[in-house]
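This report refers to the structure that appears directly beneath it.
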Amino acid sequence: MESKTVIDIENISKIYEMGTQQVFALRDVSLKIGENEYVALMGPSGSGKSTLMNILGCLDTPTDGKYLFKDENVKEMTDNDLAEIRNREIGFVFQTFNLLPRANAVKNVELPLVYSGMSPSKREELAEQTLINVGLGDRMDHKPNELSGGQRQRVAIARALVTNPAIILADEPTGNLDTKTGDEIMILFNKLWQNGNTIILVTHEEEVAMHAKRIIRMRDGLIESDTENPHFKVK
Amino acid sequence: MNIFESVLMAFGSIREHKLRSFLILLSISIGVFAIFGAGTFVTAIDNTVQNEMSALGDNTFQIKRMPSIQMGRMSRRKYWRRPRINFKQVEELKQRVNLTPFISTSAEGGGEIIKSRYISSDPNVSLVGADDIYFVNYNYDLQDGRAISSADIEYKRNVAVVGTDVIKKIFPNLNVIGETITIKNQQFEIIGILKEKGAVLGNSQDNQVIIPINLYLKYYADWRLSLNVTIKASDKVNLDKTIDQTIGAMRIIRNLKPWEDNDFELETNDTISEQFSGLTSFLTVFGMLIGIFTLVAAGIGITNIMLITVKERTKEIGLRMAVGAKRKWILLQFIIETITICQVGGVIGILIGLLVVWIATIFTGMTLIIPIDWISISIIIATVLGLVSGFYPAYKASKLDPIEALRYE
């Protein structure tokens, strides 16, 4: 059964002007990602995976081509529309966590809700519930510097989850973690997928990509391969 | 996301960046303090002096050698050449001006020591030489005894009218009519006690001793002294005529040729308050200028500090954008942050200003007026300053590319 399409890009290109030269970061890339997929976007640096991730995450728009996000045309969107769609539909998880250093875990998780206009009491409740869901129920009042790397990434994941977004976009989520903690985070992503979330994992590490169900390999701004991962396990 | 939350966020950020906040607060406070302090102080002086001057009465004017308030060096040289006004000239003036009988003269010296048979006063009592009309012209009321009479002048009687502060200092009680006081080896009999009036600009009017003008000139004045003449017209209608007659008489007395300027000064309440408002507006402008320069410097400093802040928080801005902050919210956040911190600085400046003005009023005996208008002006200035100096950094923050900002280290 084909699931509902969340991301639908067709022949998109991204061209950067470097002086007089035009550099193709992406060439005619087409891709569909459906609801509750678990995708790894893989490739070495310079392969265009970061550019693709930024476009998928609505931080950037393609130079050419078509991008439909839940049937909405992203290419024609203004900065404000993009901000809204990021706020509503996309949860970012970064390699360096990007937490506000002076805010505690709850306040960090609340941040997207602040911009969606939710009332303070409601968003606090939601943030606390989400922190419990990622296993940080006992760390809510801790500031980032009082948390371990793994715990920080859990806070960041809770922040990505709190708006109940259409996709979670994780950029090298284990890059700053040791192997054991990284594995724990990958188990958490697996659980999130089981709960029905759509996850896009961006990485250059084969080992990390192996956690995903579908692996898209990129090279030189093109999709090299797009295959199901035979080694995928439900954890 | 509303304004209230932005303000809360701003306070959080103020607490988080203590040094930065302190520097901004300091510069704003100084600027607002300069403007607020000058404004309030001038208002206070104005009020006090207006009250004081209306005591003189509308129909009264003065003849003096030099104007009460002088500004600038050039004018001083001109005034110093003028001949002094002596007692003989005053007596002649009294004969020549027939439109009003209220022509008084007085002279005042610095601090004197007044002795009773018990104790001496501090050397800060002002000794005034005056004639009988002086008490009329200056509306002096006595709470006991009588004023100096023309007979006292004529017969050169050693009599004195004394202020209550002096009496309290050198006598055990206020029952002192007929007592003797000694001023520089001259003895005077107390014939009257002045009604308590309170202090004006730090001069207590109750801390004075008034003796007959001719005795004052004989014992306490030297050749440098020039008398002041106070003339009260019989009514408002006669004021201009009386002024004209007085000027004519003075010119004859002082042998001025028709083409020569007056070599004396004629002051009415209006001319004094004119001179005075010249002085106060000078003070106001001076305070404003200092304040404005300080605030401009502060504004540039704030812009700088906020630019650094935006740079430091580039990654945070990128994150906020990634999780859905629109550019206008980023703009608003930084502007509100700057305005908030400027307003806090403004309030501190106002508090310091109030404190200084309050201390000043204690020392000068002026009444403290809480200047609502200057408080609002100061707050508005601080707000506008925050808006102006915060706009460019905030604009820069709002124009950051979220991808670049997230990658910023």
Study note, to complete from the structure: By residue number, the members of the range B:215-242 that are more than 22 Å from residue B:60 (Cβ to Cβ) and either among the charged types (D, E, K, R) or part of a helix (DSSP H, G or I) (or both) are B:215, B:217, B:218, B:219, B:222, B:224
Practice item. Give just the number: which of (1) buried (at least 22 other Cβ atoms within 10 Å of the Cβ); (2) of a type in the set (A, V, I, L, M); (3) modelled with pLDDT under 90 does residue B:356 not satisfy? Key: (1)
Review point. Here are some residues: B:367, B:338, B:361. Which one is farther than 30 Å from residue A:169 by Cβ and either at pLDDT 90 or above or among the basic types (Lys, Arg) (or both)?
Key: B:338
Check your understanding: Could you say whether any residue in the range B:18-27 is under 30 Å from residue B:329 (Cα atoms) and of a type in the set (D, E, K, R)?
Key -> yes
Exercise for review: Return yes when residue B:298 is buried (at least 23 other Cβ atoms within 10 Å of the Cβ) and under 30 Å from residue A:118 (Cβ atoms) and no when it is not.
Suggested key: no
**Study point:** Checking residue B:316 against (1) within 20 Å of residue B:297 (Cα to Cα); (2) without any contact (Cβ under 8 Å) to a residue 24 or more places away in the chain; (3) within 14 Å of chain A (Cβ to nearest Cβ), the condition it does not meet
**Key:** (1)
Point to revise | Those helices (runs of 4 or more DSSP H) lying entirely in the range B:310-409 with at least 2 residues within 27 Å of residue A:81 (Cβ to Cβ) and out of contact with any helix residue (DSSP H, G or I) (no Cβ under 7 Å at 6 or more places or on another chain) | key: B:402-407
Practice item. Could you please find all residues in the range A:134-191 being in a helix (DSSP H, G or I), closer than 27 Å to residue A:206 by Cβ and either without any contact (Cβ under 8 Å) to a residue 24 or more places away in the chain or among the hydroxyl-bearing types (Ser, Thr, Tyr) (or both)? Key: A:151, A:179, A:180, A:181, A:183
Revision key, fill the gap. When every residue in the range A:112-128 that is among the hydrophobic types (A, V, I, L, M, F, W, C) and either over 25 Å from residue A:35 (Cα atoms) or touching a strand residue (DSSP E or B) at 6+ places or on another chain (Cβ under 6 Å) (or both) is compared, the one farthest from the other protein chains (Cβ to nearest Cβ) is A:118
Review point. Quick one: which strands (runs of 3 or more DSSP E) sit completely within the range A:1-115 and have at least 2 residues that are among the aliphatic types (A, V, I, L, M)?
Key: A:5-18, A:21-34, A:38-42, A:90-93
**Study point:** Residue list for the range A:1-60, filter: of a type in the set (Gly, Ala, Ser) and under 19 Å from residue A:220 (Cβ atoms)
**Key:** A:13, A:25, A:30, A:40, A:43, A:45, A:46, A:47, A:48, A:50
Review point. Regarding residue A:87, is this residue surrounded by 16 or more Cβ atoms within 10 Å (Cβ to Cβ) and at the interface with chain B (Cβ under 9 Å from one of its Cβ atoms)?
Key: yes
Point to revise | Candidates A:80, A:54 - the one that is under 17 Å from residue A:16 (Cα atoms), within 11 Å of chain B (Cβ to nearest Cβ) and of a type in the set (S, T, N, Q) | key: A:54
Revision key, fill the gap. Expected output for the range B:320-331 (first residue within 7 Å of chain A (Cβ to nearest Cβ), partner of a type outside the set (Lys, Arg) and assigned to a loop (DSSP other than H, G, I, E, B), Cβ below 6 Å, 6+ apart or cross-chain) is B:329/B:1
Exercise for review: Within the range A:62-78, count every residue that is more than 14 Å from residue A:29 (Cβ to Cβ) and exposed (fewer than 15 other Cβ atoms within 10 Å of the Cβ).
Suggested key: 5
Revision key, fill the gap. Counting only residues that are more than 14 Å from chain B (Cβ to nearest Cβ) and either buried (at least 22 other Cβ atoms within 10 Å of the Cβ) or among the aliphatic types (A, V, I, L, M) (or both), the range A:129-157 contains a total of 8
Exercise for review: Within the range A:94-105, track down each residue that is in contact with a Leu (Cβ under 7 Å, 6 or more places away or on another chain) and more than 10 Å from chain B (Cβ to nearest Cβ).
Suggested key: A:105
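The values are calculated or read from the model by the stated rules, or taken from the named source; none is laboratory data. Given the structure is predicted, the values throughout are model-derived calculations rather than measurements. Don't worry about glycine lacking a Cβ; one is built from the backbone with ideal geometry, like all the others, and counts go over all protein chains shown.
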